[in-house]
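First comes the structure, then the notes that go with it.
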């Protein structure tokens, strides 16, 4: 089997951790994997991969520009491969939080879908699957102004305001289940082992 390519675009580094987690999850299941930072100038040849999984952080309703550029540049080959797109954000935390009102969760999910749709329309590409992944409050990586703003947002949303450390909100088992379903959609050996 050709390797699975995981491409990520991150600002504070949490989406890189998400991509690394996925890579480790797949390697433990004996799938060959390659990681690629969308900011790197050294571009992989996509036709050498069996599938591609893209992960980009979302800030102020926009995904990282490096991911947008990567998709626009590679959209023709991407269209020929099994693909999944992971949108990583704090908003995804609210969309998946069963303690919140259903209407709030649905509204947040619609907003996340709109943000991803804007990226797909601009890049003129659509993935086979899309998933919204809860991100992290990366307080130790923010500049003072962003830290202050994020602390106010966290207080309003009921999240931690302890700025002395980072707070990972990603549901790792849910992410693993999504990756397992994605790979099973094109790799019969995983489906058989499942």
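Throughout, read-outs are computed from the coordinates displayed, never taken from laboratory work. Predicted model only: the values in this text are computed from it and were never measured. Positions of Cβ are backbone-derived with ideal geometry, glycine not excepted, and every protein chain shown enters the neighbour counts.
Cβ crowding within 10 Å ranks 137, 119 as 119, 137, fewest other Cβ atoms first. On the basis of the beta-carbon distance and an R0 of 30 Å, residue 40 and residue 145 show a calculated FRET efficiency of 0.55. Placing a pseudo-label 7 Å from each Cα along the Cα-to-Cβ vector at residue 60 and residue 121 gives an inter-label distance of 2.1 nm.
Computed over the chain, the per-residue total of -39500 (n - 2.57) for DSSP H runs of n ≥ 4 gives a 222 nm mean residue ellipticity of -14500 deg cm²/dmol, rounded to 500. Rounded to the nearest 5, the antiparallel percentage of DSSP beta bridges internal to the range 5-69 is 20%. With contacts taken as Cα pairs under 8 Å at a separation of at least 6 residues, the range 26-82 carries a relative contact order of 35 percent.
Note on residue 76 and residue 20: with the Förster distance fixed at 25 Å, the Cβ-Cβ geometry gives a FRET efficiency of about 0.35. Short-range pairs are left out: with C-alpha atoms under 8 Å and at least six residues apart, the relative contact order of the range 119-186 is 37 percent. Of the beta bridges in the chain, as assigned by DSSP with both residues counted there, near 15 percent are antiparallel.
Peptides 6-17, 96-107, 175-186, 41-52 ordered by packing proxy, namely the average of other Cβ atoms within 10 Å per residue, highest first: 6-17, 175-186, 41-52, 96-107. Residues considered: 113, 66, 157. Largest GNM mean-square fluctuation over the chain, using C-alpha springs under 10 Å, is found at 157.
I'd like the orientation of helix 14-28 relative to the chain: the angle between its Cα long axis and the longest Cα principal axis, in ° from 0 to 90, rounded to 10. Between the helix axis and the principal axis of the chain, the angle is about 40 degrees. Could you tell me the distance between the Cα centroids of the range 103-177 and the range 3-64, to the nearest Å? Each part reduced to its Cα centre gives a spacing of 17 Å.
Across the chain, Cα pairs under 8 Å and at least six residues apart give a relative contact order of 19 percent.
Stretching the chain fully between residue 168 and residue 109 yields a gain of 19.3 nm (0.36 nm per residue, less the alpha carbon separation). Seen against the Cα atoms of the chain and their longest principal axis, helix 102-123 is set at about 50 degrees.
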